[in-house]
1. Is it the case that B:Glu394 is within 14 Å of chain A (Cβ to nearest Cβ) and either farther than 24 Å from B:Pro279 by Cα or buried (at least 20 other Cβ atoms within 10 Å of the Cβ) (or both)?
2. Looking at this structure, is B:Ile302 within 25 Å of B:Met213 (Cβ to Cβ), surrounded by fewer than 24 Cβ atoms within 10 Å (Cβ to Cβ) and more than 14 Å from every other protein chain (Cβ to nearest Cβ)?
3. Would you say B:Ile341 is within 28 Å of B:Ala188 (Cα to Cα) and either out of contact with any strand residue (DSSP E or B) (no Cβ under 6 Å at 6 or more places or on another chain) or of a type in the set (D, E, K, R) (or both)?
4. If you scan the stretch A:77-108, which residues turn out to be more than 18 Å from A:Thr260 (Cβ to Cβ) and of a type outside the set (S, T, N, Q)?
5. If I ask for residues that are surrounded by fewer than 16 Cβ atoms within 10 Å (Cβ to Cβ) and within 14 Å of chain B (Cβ to nearest Cβ), which ones from the stretch A:167-199 would you list?
Amino acid sequence: MTMTAMTDTSTDNPPPSPVPVPDNHDSATAQDDFVLPEFTEQQTELGDKTVGTITCDNPFMVAEDVNVYYGDNHAIQHVSLEIAKKEVIALIGPSGCGKSTFLRCLNRMNDTIESARVTGTIKLDGKDIYRKEQDPVALRALVGMVFQKPNPFPKSIYDNVAYGPRIHGLAGDRAELDQIVHTSLERAGLLKEVKDRLDEPGTSLSGGQQQRLCIARTIAVNPEIILMDEPCSALDPIATARIEDLMDELCEDYAIVIVTHSMQQAARVSKRVAYFHLGLLVEVDNTDKIFTNPQHKLTEDYITGRIG
Amino acid sequence: MNSNLTTREKVAAGLARRRRKEYLFRLTGILATAVGVLFLGVFFATLVAKGSSAFKQTFVQLDVDLTADVLAPDGVLDLEYADFDGLVRNGLKAQFPDVSGRGDRRQLYRLVSMGASYQVRDLVAGNPELLGTSQRLWVPASSNVDMLIKGNIDAGLDEALRPLSDKQVAWITELQDSGRLETRFNAALFTNGDSREPELAGIRGAVMGSLYMLLVTIALSFPIGVAAAIYLEEFAPKSRLSDLIEVNINNLAAVPSIVFGLLGLAVFINWMALPRSAPLVGGLVLTLLTLPVIIIASRAAIKAVPPSIREAALGLGASETQVVFHHVLPLAMPGMLTGAIIGMSRALGESAPLLMIGMVAFIVDVPGGFTDPATALPVQIYLWADSPERAFAERTSAAIIVLLGFLLIMNLSAVILRKRMERKW
């Protein structure tokens, strides 16, 4: 794979390449007037095919030819991907490439958006989650979600974590509920800090603690998959590190799909990485393979920091 | 570098003008506020000046002989037909034994209110053992005497120009000198219903009528309004129909209130044959009036709940109904309650729609239930303002003060409620 000369700053004779590269490598001004490259004809000749291995052993969630339209905007195009049980897979890509949209398809959160239309199939344990008989409520008890900005309910810490088990009837009595709450807080690494003040409002915690509370809330329902939409982007590095450690522990019991802007984070926490670009799934592979030897040009450009 | 200097100079040059504009703007704001406060001050000052005297009433001390011959002619206490009036007159005659002649005597009797005889009757009815004794009572003076004492009737005028003759004025002065004339707190204003006699007129009937009406209004408009707002905001599919409904509800909030009175007359009284002048009908009409206000305020409160809370709840697997009732409604409740209280205080002050459904009648009895004929406080004020008796002028102002007091309490509680229940998301 030929690499264009990184140190070549001459503007009068840019080397030919299938992907337009910025004239100078001053990153600041380059990003300003840079337009995200479309797939060139050469690349689409590959058949719009995702490079790498979409499949995995032990698939738990299988997406086949998923398309998402926001009105006329074709946001996700022909994405197929398999997610295994108990693995961490990171979705990376530049802003607006559709990774959050795809994530939200997995637990049908896009249903809440009026103009969104989803085609294709997403199978959880062999059954299409978009079929008519599927109740989104039951689905979301199996597929939990942690959002970018921590959003604890304005209730007590106890009630925050207990809400999920309460509405799904997971606890028989108060003692069982207590048990679930304590276990969830402990697994989220929050119990030691809050065990004396479970009656205080969830909003009185710091940002990192609130996000861990949201994670505790999600695992209290005992889902099979946890979706995380940039969970650490609003947090400081120390809180981020704690949550990444948490993910290491959680992946022993749950599959985790994490959308992240930070490639370092993807490299640290995930086993597989999927690279999205303008609504297309460009490459999927094991983390070390993608970061050391990416197969697609776009993936390589993104990883080396030339785009996004 | 150069460009920096010219910026500095340009900014400095324009600074004086900007400061002056700012100063003028603030001055205008202060002036506008001052004018508003001035008007408010004048309004309240006039009101209090006119109405405060109504809280006092002149009383005359009489010695009344509760003679058994008059009260129990056949040995049995006769509360219906006994001549209580005669006993009062005897008390007056005892005070002024020199007064003779029918004309003069009649003038003497007019010094004391008609209510005096009822007061004697109530005393004997409550304490039959007092029969045969002589009691010293403070009875209300007639309204003309009251007005003279309060300075509303000029004693210096020619006799023909005032409602009290010279003789009456002389008797009054004599009573005052002997310590038998006093001004006390006018409890009758709060304990009696309406009356033709100003000194016996009170707002109790109107206040009870208003209270029953407000109870009906709040019992109906709050649940219906909140439920409608929740449905329109959360569950109704976005379509032309729901847009039409929204526009119509917003319009209804601005419809003149008398139109609702006409609707009430046509539907509730004519078609449904509900009793006229009843607080039930008044409450129904006011419900129609308050409903759009509550719906609009509730919708705004629901819209203000941040979508992140909803997403969090949905993400956990809560159904739409659970999201609304567990999360949205508790967070929107302060706004809804504030809207409801403001709607209620508007309903309390309405009189035009009530005139249409007949609550403008002269009703002396205090209503005991929702279907008894009643009147409302604003309507009472309207009726008293129309009355010719001099003493009703101050009572009108007093009733307005009471009404404003209720409205102030309601709005204050709305503000306190809002402050208390403010949350940070």
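The values are calculated or read from the model by the stated rules, or taken from the named source; none is laboratory data. Computed from a predicted structure; not experimentally measured. In this analysis, Cβ positions are derived from the backbone assuming ideal geometry, glycine residues included, and neighbour counts consider all displayed protein chains.
1. no
2. Judged against the criteria, B:Ile302 is not a match.
3. Answer is no for this residue.
4. A:His78, A:Glu82, A:Ala84, A:Lys85, A:Lys86, A:Arg108
5. The one that is surrounded by fewer than 16 Cβ atoms within 10 Å (Cβ to Cβ) and within 14 Å of chain B (Cβ to nearest Cβ): A:Gly169.
Residue-wise test of (1) touching a helix residue (DSSP H, G or I) at 6+ places or on another chain (Cβ under 9 Å); (2) among the charged types (D, E, K, R); (3) under 22 Å from B:Leu232 (Cβ atoms).
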{"residue": "B:Val247", "(1), (2), (3)": "no, no, yes"}
{"residue": "B:Ala253", "(1), (2), (3)": "yes, no, yes"}
{"residue": "B:Gly261", "(1), (2), (3)": "yes, no, no"}
{"residue": "B:Arg276", "(1), (2), (3)": "yes, yes, no"}
{"residue": "B:Pro279", "(1), (2), (3)": "yes, no, no"}
{"residue": "B:Thr290", "(1), (2), (3)": "yes, no, yes"}
{"residue": "B:Ile295", "(1), (2), (3)": "yes, no, yes"}
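Every residue, every condition in (1) over 19 Å from the mean Cα position of the chain (by Cα); (2) surrounded by fewer than 20 Cβ atoms within 10 Å (Cβ to Cβ); (3) not assigned by TED's automatic domain parsing to the domain that holds B:Val402, yes or no:
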site	(1), (2), (3)
B:Leu288	yes, no, no
B:Leu314	yes, no, no
B:Ala318	yes, no, no
B:Leu329	yes, yes, no
B:Leu337	yes, no, no
B:Pro353	no, no, no
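Residue-wise test of (1) over 16 Å from the mean Cα position of the chain (by Cα); (2) at pLDDT below 90.
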| position | (1), (2) |
| --- | --- |
| A:Gln265 | no, no |
| A:Val269 | no, no |
| A:His277 | no, yes |
| A:Val284 | no, no |
| A:Pro294 | yes, yes |
| A:Leu298 | yes, yes |
| A:Thr304 | yes, yes |
